[in-house]
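The block underneath contains the structure these notes are about, expressed in structure tokens.
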Amino acid sequence: MILIDNGSSTGADNAGPNTPVVRSGDRGVITAGVEILSGEGGRRGIAKVFPFIGPAFIASVAYLDPGNYATNLEGGAKFGYQLIWVVLASNLMAMLIQSLSAKLGIATGRNLAEICRDHYPRPLVWFLWGVMELVAMATDLAEFLGAALGFHLLFGMPMWFAGLLTALATFLIMAIERFGFRPLEAVITTFVGIIACCYLVELLFSWPDWGKVGWSIIRPGFSREAPAESVLLATGILGATVMPHVIFLHSALTQGRIVARTNEQMRRLFRYELLDVMLAMGIAGLVNAAMLIVAAKTFHDRGLFHIDAIEKAYMTLEPLLGKSASVIFAVSLLASGLASSAVGTISGQIIMQGFLNRHIPVWLRRLITMAPALIVIMAGFDPTRTLIISQVVLSFGLPFAVIPLVQFSRKKAIMGVLVNKPVTTLAAAITALLIVSLNMYLLFRTVSGG
């Protein structure tokens, strides 16, 4: 049975996986998805895949947020092409982790935060919620600052006014969710397309040395001249690429979107979601690589090693590549900030509801989470450096999302037919170990004064 809703409630809050609430804007895709899983409808090609495309594109926005601009920009300017391997490795990790998160939602009808609440002792649940709330604040700080910078660079308005305009624009984007998940997926995917097109054009403007790009992938490593700084940026790139809050979000996006009735339908649904993940995360990975490559070619190859601020990059792009290049950069930054800010607020709602079984009005959460960003703007802190530090905070929060995900997705009692295969669990465990190890190394270098 499917209940039809006109937008006044959230399906995940009011119905279980067997009786999802469907808003008016979603009825068509739900019907098509159920027919395809049942082997009916006679759809072929793109029409057969289209109903299942969307959740990973919403999740992918977190991999294209302004924090990525800050870390990739500084990484490319300071170290050239040297850290491209970090971007690509991080993206492969993201694909694996997001596929596990999507699978968890499909298999259980519950999101990761809810499963943590069901299986962990209460003190640990409260601790994880506290960590994830800090992560959500760091996320929102980066996204809000990025959008405000985009408005500031494009229109020359004061940062404080740009911040208020960002808040208003985010509210308008989030209001689309009242019409269903499909309209929101369409808007967010459009933003992803804008960002991707902007960086395709930027690559054509700069035309990098592809030989150096390939060599840096074959010979991964950190800078010998500034190892601590390159590790800091690598950790920031990792935190900006494998985002902890979106691990919780993706499981919520798939938990009741299209419901599989049998084990075979569940397997089929997961295969479609894998395609969604590979497509969305593949685009996000290419855009991230393009960000770093453009910075390496435009700044590092010209000896401009200290382009460590987004504003500097914007002002320098015009004399180097022309007015169009700087405008395209600002447009992509604005699209990134607006989309990711809306997605971050939705993630925060899911985290609170999942861990505590409570939620506050979305407008109140938006006001609370944008407060740190407004303080940073009013106090005059360097926005780019603040963005990079926020990404390091995200990286430190990653183990508290990845480890529970690996733990639950390997248990047959929870996952049923979609339980991880041993090789999948091994790959996920290695990913978690790499994340923890890199963070511990950075902490040691920081404490020891390195």
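Couple of notes before you dig in:
- Leu279 paired with Thr190, simple spin-label distance in nm, labels 7 Å along Cα-to-beta-carbon: 1.8
- As a length-normalised measure over Cα pairs under 8 Å and 6 or more apart, the relative contact order of the chain settles at 34 percent.
- Helical contribution to [θ] at 222 nm, DSSP H n ≥ 4, -39,500 (n - 2.57), averaged over the chain, rounded to 500: -25000 deg cm²/dmol
- Pairs from Lys48/Lys412; Lys103/Lys297; Lys48/Lys212; Lys78/Lys411 whose Cα-Cα separation, in the structure shown, is over 32 Å: Lys103/Lys297; Lys48/Lys212; Lys78/Lys411
- Hydrodynamic radius (Kirkwood) for region 145-227, which is based on Cα pairs only, to one decimal in Å: 16.5
- The chain - Rg over Rh from alpha carbon coordinates, Kirkwood radius: 0.96
- Length gained when the stretch Trp207-Ile375 is fully extended (0.36 nm per residue, less Cα-Cα span): 56.6 nm
- Pair Arg219, Leu426: separation of 7 Å Cα→Cβ label points (nm): 3.1
- Using a Förster distance of 35 Å, the FRET efficiency for Asn357-Lys411 (Cβ separation, nearest 0.05): 0.95
- A cut-off under 11 angstrom between Cβ atoms defines the neighbours of Gly337, and their net charge, with Lys, Arg +1 and Asp, Glu -1, is -3.
Computed from the coordinates by the stated procedures, all read-outs in this text should not be read as laboratory data. What you see is a predicted model; the values in this text were computed from it and never measured. Quick reminder, even Gly has a Cβ in these numbers, built from the backbone with ideal geometry, and neighbours come from all protein chains shown.
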